[in-house]
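To start, the structure under review is shown below, and the notes come after it.
No value in this document is a laboratory result; all are computed from the given coordinates. All values reported here derive from a predicted model rather than from experimental measurement. Backbone-built Cβ (ideal geometry, glycine too); neighbour counts: all protein chains shown.
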Protein chains: 2
Amino acid sequence: MSRILIIGAGGVGRVVAYKCAQNSEVFSDIWMASRTQSKCDQIAKDIQANLGVNVHTEQVDADNVPELVALIKKIQPKLIINVALPYQDLTIMDACLETGVHYLDTANYEPKDEAKFEYSWQWAYQDKFKAAGLTAVLGCGFDPGVTGIYTAYAAKHHFDEIQYLDIVDCNGGDHGKAFATNFNPEINIREITQKGKYWENGNWVETEPFEIKQELNYPNIGVRDSYVLYHEELESITKNFPSIKRARFWMTFGQEYLTHLRVIQNIGMASIVPIKYKGIDIVPLQFLKETLPDPGSLGDNYEGETSIGCRIKGLKDGEEKTYYVYNNCKHQDAFNETGAQGVSYTTGVPAMIGAMMVLTGEWTGAGVFNVEEFNPDPFMDKLNTEGLPWHEQHNIDLEVL
Amino acid sequence: MSRILIIGAGGVGRVVAYKCAQNSEVFSDIWMASRTQSKCDQIAKDIQANLGVNVHTEQVDADNVPELVALIKKIQPKLIINVALPYQDLTIMDACLETGVHYLDTANYEPKDEAKFEYSWQWAYQDKFKAAGLTAVLGCGFDPGVTGIYTAYAAKHHFDEIQYLDIVDCNGGDHGKAFATNFNPEINIREITQKGKYWENGNWVETEPFEIKQELNYPNIGVRDSYVLYHEELESITKNFPSIKRARFWMTFGQEYLTHLRVIQNIGMASIVPIKYKGIDIVPLQFLKETLPDPGSLGDNYEGETSIGCRIKGLKDGEEKTYYVYNNCKHQDAFNETGAQGVSYTTGVPAMIGAMMVLTGEWTGAGVFNVEEFNPDPFMDKLNTEGLPWHEQHNIDLEVL
């Protein structure tokens, strides 16, 4: 029986709150806080109506450590699930340290003024969390998150040595809008307009954005154009599984999406450099978020499904072996269950499961951890029962390897 | 010997100031005012350096009638050349009436909150200008402006009855940027994202944006995709030449330009509806202006040329006749002469000539006039000597008719 505080009330926050409410034997007392309390209130209202579970709401500015500390002291949760903005990871970690509360997030810290995706800032908290006897779980969404768990599971059960890893992320859905991002457009566009990067033979190989393209076949979806881009779990997975010779991350994009992205860059709206306008600083990409469809609004008529998985090649008992483990998630199913589309769902469910792992003592330890450092088995079990069942294929043609 | 005041210091204002300075026998005393005086100062500095002519500068908010009146009373110009924003036509006309000064502009008034292109607001000033004994010249750029003069010239010298008019506007230039508009992007995008409209048999026929497309061949440029869109001179020309059975306006757009335009609309950045952001109202399209290249910066490496003209079919001495009158303007030539590219140049030169017509007494009369209501001959002469020479072809295949 544990009290938790969810910070952030976007689509992912909605899913986390729903899934926690469905597991009240673990999450006995659920609190939600966001800069805009009314967003929390709406989610709480929906959960009360649909699940009959009470969710408490609060207002908080997650950039402000003293404000966070005051809120945490008031609520006294055992763990904080941070599904706010990646800019706010460090302030929330600071507040956790000050108040003695476990921490879990789904995306690595990013400085606001620089699109840089790496764990260095959060890994630097290792000693502090160790000294405080607290657990910080980093990157516990789907990717990062389940992709690390899949890799750990493969390493534990199916391989003596993982040599090649391709994480493949396909959104085969259609939201019916001319253009929309599946999560916060600011974070999404920052991420995918960066140069690509993959791990090979102990080094990072940099690529131009969308330079490496391949048609990949996704279960139940079909062939989709897939592009190598950098994704943060590559950093921790290659560190935690040093036998990996090459690790890449692939994501699908349609031509129309890429055209929109190209134009958004051409017209200067992907820029994160503030412009002085009417006396205030405006970051074009942040303003663009206001004119694009709210990702939370995409659920309603979102057709199709996502498919995310790990395609792995390595050695088992001296033999070469391939392995593909993946989940497919239908946007409509996600929406019917939680009122949020599949991309929010696939991120929120693992965050809840990760919190469950900490609260039930399956995952323990003082310090800062990436998910693949923990025992994957109880997490994999929960994926099957909490809405993200996984499938595996052995010794198939992995296409990308 | 006359004193003039130019309001507006964008690319067109720059050209007007240069051309006035080149004609100091008419424009003996040149003043420039803008919201941002430093823009006027830069132009004045360039003109002083290149032509040795002194241009006085002032600061003014052209939305503010009392401020305009105070400035006009101080300067006491004979005529105001308004090359500010179309939103400001009425305030400047009001100030002219209050101070007894002639008025000339290059684009019809538009209300800020509605993309509506029509002369109604300015034509409603007819009686006031008549009563004040003042001349207001509307739409004296290239299009509107020279296109009306061309039509009046054709009617005067080459036709007994003009029946079909196609105004064809080609920018065959390449500015080397991924995307940029040739004049204020706010005004440009408002204009071209509207539904199309053309005049036929006494009625306006509405089209979807870019619905009617035809490949047209432009002198010295070649074949370009051309689209029917509404342009304001159609309203006054069809009124002043009631024999016209069909009048259309064609503009060239490349596929990349249209793709950018489509995306700008899809992502909500073409919207003129304000969004509350960080406590202030921001109009997306106005903010986009800040992230797009400054049209004034396009001159430097702008290759190629513009070609704008009128393709006319009608009757002369009982015979059917076709006639094509046009100007081609090289961006580099315009830039070398004035520091502004061809689209600014082709708008600014006619504004100067129109002012010259009023100040030298070639164009007289109390009231509000569109340019085609005046004698076109002295204006046509000046086009040849002031940088926009015209060419004519008789009885050729007009393609569009």
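Assuming a ≥ b ≥ c are the square roots of the Cα gyration tensor eigenvalues, decide whether region A:2-80 counts as rounded (a/c under 1.5), prolate (otherwise, with a/b larger than b/c) or oblate. It comes out oblate by the Cα gyration axes.
Of all beta bridges that DSSP places with both ends in the protein assembly as shown, some 60 percent have antiparallel geometry. Working from label points 7 Å from Cα in the Cα-to-Cβ sense, the residue A:59 to residue A:161 distance is 5.9 nm.
Across region B:188-204, rounded Karplus estimates of 3J(HN,Hα) from the backbone phi angles (6.51 cos²θ - 1.76 cosθ + 1.60, θ = phi - 60°) give 4, 6, 3, 5, 8, 8, 6, 4, x, 7, 9, 9, 8, 6, x, 9, 8 Hz, Gly and Pro being marked x. Over chain B, the hull volume per residue, using the convex hull of the C-alpha atoms, is 132 Å³. Computing FRET efficiency as 1/(1 + (r/R0)^6) for residue B:258 and residue A:124, where r is the C-beta to C-beta distance and R0 is 35 Å, gives about 0.10. Each listed q (0.11, 0.24, 0.25 Å⁻¹) maps to a log10 I(q)/I(0) for region A:318-401, found by the Debye formula over equal Cα scatterers with no solvent: -0.41, -1.13, -1.16.
Across identical copies of the chain, residue A:279 has label-point separations of 0.9 nm, listed in ascending order, with the point defined 7 angstrom from Cα along Cα→Cβ.
By the helix-only formula, in which each DSSP H run with n ≥ 4 contributes -39500 (n - 2.57) and the sum is divided by residues, chain B has a 222 nm mean residue ellipticity of -10500 deg cm²/dmol. Label-point spacing for residue B:397 across the identical copies (point 7 Å from Cα in the Cβ direction), in nm and ascending order: 5.3. Ordering B:83, B:16 by the number of other Cβ atoms within 10 Å of each residue's own Cβ, fewest first, gives B:83, B:16.
Considering only chain B, the C-beta nearest to the rotation axis that sends B to A is found at B:263, 2, the distance in whole Å. With q set to 0.15, 0.17, 0.26 Å⁻¹, the log10 of I(q)/I(0) for region B:4-47, from the Debye formula over equal scatterers at the Cα positions, is -0.29, -0.37, -0.86. With the highest mean first, a sort of the peptides A:182-190, A:143-151 on other beta-carbon atoms found within 10 angstrom per residue produces A:143-151, A:182-190.
With each label point set 7 Å from Cα along the Cα-Cβ vector, what nm distance links residue B:319 and residue B:215? Distance between label points: 3.2 nm. When chain A is treated as a GNM with alpha-carbon contacts under 10 Å, the residue of A:292, A:359, A:68 showing the greatest mean-square fluctuation is A:292. Remark on the protein assembly as shown: hydrodynamic radius 30.1 angstrom, per the Kirkwood mean of 1/r across alpha carbon pairs. Separation of region A:1-46 and region B:37-88, taken as the distance between their Cα centroids, equals 59 angstrom.
Residues considered: A:340, A:136, A:270. Largest GNM mean-square fluctuation over chain A, using C-alpha springs under 10 Å, is found at A:270.
In plain terms, the residue of B:101, A:69, A:371, A:223 with the fewest other Cβ atoms within 10 Å comes first and the most crowded comes last, giving A:223, A:69, B:101, A:371.
Shortest first, residue B:239 label-point distances to identical copies amount to 7.2 nm, with the label point at 7 Å from Cα along Cα→Cβ.
The GNM of chain B, with springs linking C-alpha atoms under 10 angstrom apart, assigns the highest mean-square fluctuation among B:207, B:346, B:252 to B:207.
Could you work out the percent of alpha carbon pairs in region B:48-97 separated by over 13 Å, rounded to a whole number? Percentage above 13 Å: 60. Spin-label model, residue A:364 to residue B:204: label points 7 Å out along the Cα-to-beta-carbon direction sit 7.7 nm apart.
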